[in-house]
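Derivation of every value follows stated rules applied to the coordinates shown; laboratory data play no part. Since we're looking at a predicted model, the values are computed, not measured. Neighbour counts are summed over all protein chains in view; Cβ atoms, including those assigned to glycine, are modelled from backbone coordinates with ideal geometry.
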Amino acid sequence: AIFHVKVGDKTIDPNDLSNVAALTFLFMGFSALGGVLLSAMGVDLTTALSATVASLFNIGPGLGNVGAMGNYAEIPAMGKGILIIFMLLGRLEIYGVMLLFLPMTWRK
């Protein structure tokens, strides 16, 4: 069966839906990657995942030690560097940053 997604009276193009799904899974993948990297540095999983999500999505305080009553002081320096990268990815959008590193987008 084929289902068409509609918003109001407009049918959404399947290519647009695929692009939205790809972006969603890309953000989820980066969130998981950041959580794993911070956990490997000794940060507890709740703090690692919430710090990554807070940095990537600009959502405010996280959970655990980076919650409303905590701060990022216990995150190792390398972990803070990773969080800085995730902040840039979130602010500049992942696709834009990825384009910087694709040789096919460089002018000759």
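Worth a mention:
- Between the range 5-27 and the range 53-108, the Cα center-to-center distance that results, in Å: 25 Å
- On Cα atoms only, tilt of 14-40 relative to the major axis of the chain in degrees: 10 degrees
- Mean Cβ count within 10 Å, highest first, over the residues of peptides 94-105, 44-55, 78-89, 59-70: 44-55, 78-89, 59-70, 94-105
- Helical content of the chain, expressed as a calculated mean residue ellipticity at 222 nm, amounts to -19500 deg cm²/dmol (DSSP H runs of 4 or more residues, -39,500 (n - 2.57) each, divided by residue number, nearest 500).
- Principal-axis tilt of helix 77-92 within the chain, Cα atoms, nearest 10 degrees: 30 degrees
- Distance distribution note for the range 6-105: the fraction of Cα pairs above 15 angstrom is 65%.
- Taking Cβ atoms as reference points and 14 Å as the exclusive limit, the residues near M87 contribute a net charge of +1, counting Lys and Arg as +1 and Asp and Glu as -1.
- Cut-off 20 Å (backbone N to label point 7 Å along Cα→Cβ of N15), residues of the range 87-108: 95-96, 99, 105
- Between helix 45-57 and the chain: long-axis angle, C-alpha atoms, 0 to 90°, nearest 10: 50 degrees
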